[in-house]
Every structure is written in C-alpha cells, then in structure tokens.
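Working notes, beginning with the structure itself.
The values are calculated or read from the model by the stated rules, or taken from the named source; none is laboratory data. None of these values were measured; they are calculated from a predicted model. Here the Cβ positions follow ideal geometry from the backbone for every residue, glycine too, while neighbour counts run over all protein chains shown. Each accessible area value is taken on the protein alone, full model and side chains, heavy atoms only, with ligands, DNA and RNA left out. Shrake-Rupley method; radii C 1.70, N 1.55, O 1.52, S 1.80 Å.
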Amino acid sequence: MMADKVTSFDVARRAGVSQSAVSRVFTPGASASAATRNKVMKAAKELGYRPNTLARAMITGKSRVIGVVVAYLENQFYPMALEYLDGALKERGYHILLFMAKNDDSVGQIVEELLSYQVEGIITASVAMSNDIAERCNDAGIPVVMFNRGQETGSLAQVTSDNIQGGRTVAHFLAGGGHCKIAHISGWLESSTGVDRMRGFVEGLKDHGLEPAAIEDGQYNQDIAATIARRLCSTSDRPDAIFVGNDHMAFAVMDTLRFELGLSVPDDVSIVGYDDVPMSAWPAYDLTTIRQPINKMVTATVDVLLSRIEKGAASERIQIPGPLKIRGSARKPKGFSP
C-alpha cells in the first residue's frame, strides 16, 4: 500500500481500534492508554502512515500551528530566536509555519495568507504591525504577539527586552569611563527598538550632563552603519565612543575603524553594541554589549500567546531587563555597577 494513500481508518483496522482512538493518539494532549498508543504506533509504522495535519485542522478547527513572520535574518539574534521558539512551541504540542517579510505593505499580505492556513496564533519578530492588520487578526480571532518589537498604540501583546533601560545603562557605562564625545549609530528609527534604545541612551547621558556627539540612523544595516562610522571617525574631531544599536551593525563599525581607518578599539574609540549574539564573544570582536535575555523573551512570548489561544487571556506588554556584558571593546569605568 502506498504511504500517501494510507488513512487513519487503515491504521485503525490494522491496530484493531476505532478511528477516533487513532485520532487521539496523534493529537497532542489527547488521552489514550499506553496499550492503545503502542498498537496504533505499531500499525502506523507498518503501513507508513503520517497524520494529515491540515485535514485534522479542517475537522477539529485546531491546527496546532503558529505562524511566525520574521525579517532581518542577517542578524544572528533572529535565527537563534527562531530555534528557541520552535523548540518551546514543540514542547507545548505546536509547530511553526515560517514566513519571511520586509517592514512594508507585504506584511499585511503575509498575515492574510497565514490566516488562510488556519494558524491558531501569530508571532511577529522584527516586523512592524499596523493597527489595521492587528484589527484584521482580532476580527479573525487569531492572537498575535510581537517579539522584540512593540507599538506605542494598539492592543497587541508584545515581548521585548527593556530597551530604554538598556540604552541608559550604556550611557552610564561610557560616561563613567571618562568619555565625553559619545555618538550613537541607532537602530532603525521607525522601529520601537531603535527609538527606545536611543531614548534611554540620551536620557542616560543627561544624567551626566552630556549630550550625544551625533545620532544617526543605521537602519539595522551593516553597510549604512559602516558608512556612518567612516564619516564620523575620519577627522580629528571624531567621537571617543560609539553606542551602536545592535551587534550586527557594531561588527561592521569595528571592522571599518580598525581596518580602513587604522584606529584602535578601544584606545581610540570605544564601541558598545546591543544583543550579545555569539559572535560578540569572538576574540576578533570581544564586544561589550547589552545582552538580550533571549530564553526569557521566548518563554514569555510562548506563554503569552498560548494563554491567549487556550484560555482567552488578555494581551500583555512585557519588558525583560538584560545585563551589560563587559568585554574588551570599551574602556571599563573603575568600580562600574549597572
């Protein structure tokens, strides 16, 4: 018998159980005795049976599938987040359906497509959601959680690190290290993460009677960040420190300063990033950076989403503080405490 034509009725007949018993065995969280489970799994293996998830979704109305919309996979943070999200959701009996997006009108089209797949919830990562798209999901009864991105208005659930406090911590660290000409190459200033990190940084500098030497939008783009760094640091009036809006850009900034301009990091210019991706610890970069608590953020995202799916819980806005990971790319203040 061809495996693609094997049905749950065939498995039930081979195992000597009802079709509903087969369905329970292959439904996460459903009850079935050990004896029944063993018989069904044995018959399924012999026949080469695979459950049809989409067909079951049409019958039960529950697909156990979560749509994930993500952009910016060049940044190591997001492939890591996807791996953790996939593992955390599988532990709870769910699977992910992944869509790539850009921060433009295509996000709405992707969400519409996800709804047609009967996903039970949606996680967006590094993607902006307009209020009309959020309303469309709400009307369809599909909960949405924004991961590492937020909205100033609207009712969507969101989970981020405490970006404002992170920016403030960087400012205290650099000012405490004796820097007085501190520039900021921000993340995309049309994103909540870029704006909040900049805001915290500016507020933190004010605590020390300082203002940024420059603020320029790096747009989370390595080439743009490198161009900005080249312009800022090509004169004798260069900044003595730069807070870069994420590690992905910080690597390009460090390479530009050292290999194109012949500057020393940190002797000439201190560099601090944000995320603490694995490359940050490489000896080639040894980057001081704010660590985004990715495990806690993923756990909170899954908990919030599944609480909304399974219990009808209200939306939550969660900010999780992350520590400063001090390495060798910036001068360390004596006795510094975040």
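Data overview
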{"quantity": "Convex hull volume of the stretch 113-209 per residue (C-alpha atoms, cubic angstrom)", "calculated": "95 Å³"}
{"quantity": "Between the stretch 64-109 and the stretch 122-165, the Cα center-to-center distance that results, in Å", "calculated": "13 Å"}
{"quantity": "Long-range lysine pairs (8 or more apart or interchain), the chain, Cα under 28 Å", "calculated": "29"}
{"quantity": "Convex hull of the chain built on C-alpha atoms - directionally averaged projected area, nm²", "calculated": "20.6 nm²"}
{"quantity": "Charge context of residue 284, other residues only, Cβ under 12 angstrom, K/R +1, D/E -1", "calculated": "0"}
{"quantity": "Apportionment of accessible area to carbon and sulfur, the chain, percent (1.4 Å)", "calculated": "50 percent"}
{"quantity": "Assigned charges on the beta-carbon of Lys, Arg, Asp, Glu; the stretch 208-260 dipole about Cα centre (debye)", "calculated": "120 debye"}
{"quantity": "Square roots of five times the Cα gyration tensor eigenvalues for the stretch 289-336, Å", "calculated": "35, 9, 6"}
{"quantity": "The chain: calculated mean residue ellipticity at 222 nm from DSSP helix runs of at least 4, using -39500 (n - 2.57)", "calculated": "-12500 deg cm²/dmol"}
{"quantity": "Accessible area expressed per residue, the stretch 200-297, with surrounding protein chains retained (probe 1.4 Å, Å²)", "calculated": "41 Å²"}
{"quantity": "For the stretch 197-211 versus the stretch 259-303, the gap between their alpha-carbon centres in whole angstrom", "calculated": "20 Å"}
{"quantity": "Rg/Rh (Cα only; Kirkwood hydrodynamic radius) as it applies to the stretch 182-338", "calculated": "1.03"}
